[in-house]
Amino acid sequence: MMAVRLRLGGTLLGAAIVLFVAVLAVFAPLLVPHDPFAQDLMGRLAPPMWLDGAQAGHPFGTDQLGRDYLSRLIYGARISMLIGTATVVTSGLIGITLGVLGGFFGGLVDDAVMFVITCRLSIPLVLVALAVVSLVGSSLTVVVLTLGLLLWDRFAVVSRTTTMQVRNLDFVSAARAAGCSRIYIMWHEVLPNIVHHLVVVATLEMALAILLEAALSFLGLGVPAPLPSWGLMISEAKDYMFFTPWVIEIPGVALFVLVLGINLLGDGLRDLLGATRDA
Amino acid sequence: MDCAICWGPRVTPEPVLEVRDLRIRFGGVVDAVRGVSLDVRGGETHCLVGESGCGKSVTALAIMGLLGRGAVRSSARLAFRGTEMAGLSEREMAKLRGDKIAMIFQEPMTSLNPAFTIGSQMAEVFERHRGGGRRVALDRAAGLLGRVGVSAPGLRLAQYPHQLSGGLRQRVMIAMALMCDPELLIADEPTTALDVTVQAQILRLLVELQRDLGLAILLITHDLGVVARVAHRVSVMYAGEVVESAPATDLFAAPSHPYTRALLACVPVPGVVRRDQPLGSIPGTVPRMEPGFTGCAFRARCRYAMEVCADDVPLRLQGPDHRYLCQLVV
């Protein structure tokens, strides 16, 4: 009972965090107290409100160029959520299509899918990102595409194995006996019965994509400079961390909380969806 | 027609399903079905009886055109209402399946998609073959659920499979099979997974439906009790062959193939079987048939086996409509 309550609490907390960040992201222009790009060199590195010397109107202080840190953080949520969802959608489309096809048809199709998955797994992500950025320059689109086209392996593996399990169940034979086509069966009989596994993968991938974007931005391979990505904020702040540690702490904590929230939500969804199925 | 339970069904003279010399080979190494021939007429229940692994379910799947990869099917004739099905494309077969030929499966617990309501699954079949709106399809589904004895059909339509018991689910499967007024119903062990009382209800339902709708039913079972209750005609299968085929009354009155007789001896009859007498059994198991096998497949387990049993087996007649495959003349 205690464990159930704790788990439910975790799920709700996760959902609340994700929802909160999503609202911040969607309504960012209405919520920010200042223009996140407006510099004020006289008011650089102002401490946040819980430290001495805080400036009125800058609750999270300012960065090394005097930009309002709260505003940048809110706009950063936009980038993180955008990259997270766009990556999950792109990689989900690729991975689930491949996985379901391979798992359903088996044989040569499956061999081909497994080969593609193995190829993908042998490609180092950061190296590809480095190559792509040096070839076409860094932009938000490039980051989304790079992550989306490279993070589908887990979708493919999970949808392939779960499809194999569902494929042999009687209701799939029954659907065939009722005159349904293979494409229809994959879409209507298989997919709804593996989607609860895929939701969990989607949350994991979303968290991973957000972390990877931060990592790429930190390395200078991600979102280009004036955009307020959380990873980029950490990167820009690292030169000042010994004297003004909050500039690295604030986006770091934000990143940690968002990723934790997504993972809690994913865990909770897995339990919830799994429970209705076993009943 | 003189049958076990004479309901006076309108048995049509020309067969709805005609199978001649059906052969199925798996991966080139196992002969699962070796020359099965059978007819199912309108309003008639044809039972295909046999042990596990004798090829009866594979025969059903082959008729539906649902064999998996690695299975090779050949037949001299495989006709539904006079139309040869062997040459039909996958698309044309899909049109027949669920519409004119319906199938119900052994395991009602897994034959329904857990992700959709009963109503949407039933309506789906109808819309696929007949078009029309969801409203029409759902009305028909509710009507059929009532017809197969499901209480509160309107409520059931909105429920998910996990909310129904095994017996209810099998009724839903039957109602779903009837959505498009099929002419042939293939039932693969429809009562095996159910407990005895529910089993009896489902069998009675099938008999009633057949009488009312003039369905041709191909019933696959290993249970001779089921056969005795519903069959008009019986084909006994052994190792991929029909070893004996006869009207049900003839078969129970004069079983001619040693395998049929051995099978009948295995059925306990309450009041006749005594506690101190051992129940009949057939030693050994169904052999795995490899290409090139000749002679009688049952000879290793047969108490009448002779040297000639290794040669080709003659088809003998034991009456105008009663055939069996054996060297012995009864």
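Read-outs: derived from the displayed coordinates by stated rules, not from any lab. Since the model is a prediction, treat every value here as computed from it, not as a measurement. Every residue, glycine as well, gets a Cβ built from its backbone with ideal geometry; the counts of neighbours run over all protein chains shown.
With everything on Cα atoms, drop me the angle between helix A:153-167 and the longest principal axis of chain A, reported from 0 to 90° to the nearest 10.
Approximately 30 degrees, to the nearest 10.
For segment B:121-274, what is the largest minus smallest coordinate of the Cα atoms on each principal axis, given in angstrom and ordered from greatest to least?
55, 32, 27
Using only Cα atoms, find the angle between the long axis of helix A:125-136 and the longest principal axis of chain A, and express it within 0 to 90 degrees, rounded to the nearest 10.
Helix A:125-136 sits roughly 70 degrees off the main axis of chain A.
Take every Cα pair under 8 Å in chain A that's 6+ residues apart, average their separations, divide by the length, and report that relative contact order as a whole percent.
Values: 400 pairs, mean separation 68.4, N = 279.
Computed value for chain A: 25 percent relative contact order.
Using unit Cβ charges (K, R positive; D, E negative) and no other charged atoms, how large, in debye to the nearest 20, is the dipole of the protein assembly as shown about its Cα centre? It would help to have the intermediate numbers written out before the result.
Working: 52 positive and 51 negative charges, 217 e Å.
Computed charge dipole of the protein assembly as shown: roughly 1040 debye.
Among A:119, B:54, rank each residue by its count of other Cβ atoms within 10 Å, from fewest to most, as a rough exposure measure.
Working: A:119 10, B:54 26.
Lowest count first: A:119, B:54.
Please report the antiparallel percentage of DSSP beta bridges with both residues in chain B, rounded to the nearest 5.
60
Which value, in debye to the nearest 20, describes the size of the charge dipole of segment B:148-283 about its Cα centre when Lys and Arg Cβ atoms bear +1, Asp and Glu Cβ atoms bear -1, and nothing else is charged?
On the way: 10 positive and 12 negative charges, 82 e Å.
Charge dipole, segment B:148-283, about its Cα centre: 400 debye, nearest 20.
Return the loop-located trypsin sites (Lys or Arg not before Pro) in segment B:69-160 (DSSP other than H, G, I, E, B) with at most 13 other Cβ atoms within 10 Å of their own Cβ; answer none if there are none. Present the calculation step by step, with values, prior to reporting the outcome.
Numbers: sites: B:69, B:73, B:77, B:81, B:91, B:95, B:97, B:100, B:128, B:130, B:134, B:135, B:140, B:147, B:156; in loops: B:69, B:81, B:100.
Passing both the DSSP loop test and the Cβ count: B:69.
Please tell me the relative contact order of chain B in percent, rounded to the nearest whole number, where contacts are Cα pairs under 8 Å and at least six residues apart. List each step's numbers first, then the result.
Values: 634 pairs, mean separation 75.7, N = 330.
Computed value for chain B: 23 percent relative contact order.
Take every DSSP beta bridge with both residues inside the protein assembly as shown and express the antiparallel ones as a percent of the total, to the nearest 5. Walk me through the numbers before you get to the answer.
Values: 31 of 50 bridges.
Bridges in the protein assembly as shown are about 60 percent antiparallel.
If I take every Cα pair under 8 Å that is 6 or more residues apart in segment A:73-186, average their sequence separation and divide by the length, what percent do I get for the relative contact order?
Numbers: 96 pairs, mean separation 47.0, N = 114.
Contact order relative to length: 41 percent.
Report the local net charge at residue B:219: Lys and Arg +1, Asp and Glu -1, summed over other residues whose C-beta lies under 11 Å from its C-beta. Spell out each step's value before the answer.
Working: positive: B:56, B:229, B:233; negative: B:44, B:188, B:189, B:223.
Its environment carries a net charge of -1.
What is the magnitude of the charge dipole of chain A about its Cα centre, with +1 placed on the Cβ of each Lys and Arg, -1 on the Cβ of each Asp and Glu, and no other charges, expressed in debye to the nearest 20?
Values: 15 positive and 18 negative charges, 115 e Å.
Charge dipole of chain A: 560 debye, to the nearest 20.
Quick one: check the C-alpha center-to-center distance for segment A:12-78 versus segment A:231-274, whole angstrom.
One Cα centre to the other: 15 Å.
Count charges around residue B:190 for me, please; just the other residues with Cβ under 15 Å from its Cβ, Lys/Arg as +1, Asp/Glu as -1. All intermediate terms of the calculation are to be shown ahead of the outcome.
Values: positive: B:56, B:169, B:171, B:204, B:229; negative: A:170, B:107, B:188, B:189, B:195, B:208, B:223.
Net local charge, residue B:190 excluded: -2.
Whole Å is fine, so just give me how far the alpha carbon centre of segment B:303-330 lies from that of segment B:250-297.
15
Tell me which trypsin sites (Lys or Arg not before Pro) from segment A:1-72 have a DSSP coil assignment and no more than 16 other beta carbons within 10 Å of their own.
On the way: sites: A:5, A:7, A:44, A:67, A:72; in loops: A:44, A:67.
Sparse-neighbourhood loop trypsin sites (Lys or Arg not before Pro): A:44.
Please give me the summed charge of the neighbours of residue B:29: other residues whose Cβ is under 12 Å from its Cβ, Lys and Arg +1, Asp and Glu -1. Working shown, then result.
Values: positive: B:25, B:288; negative: B:31, B:290.
Combined, the nearby Lys, Arg, Asp and Glu give 0.
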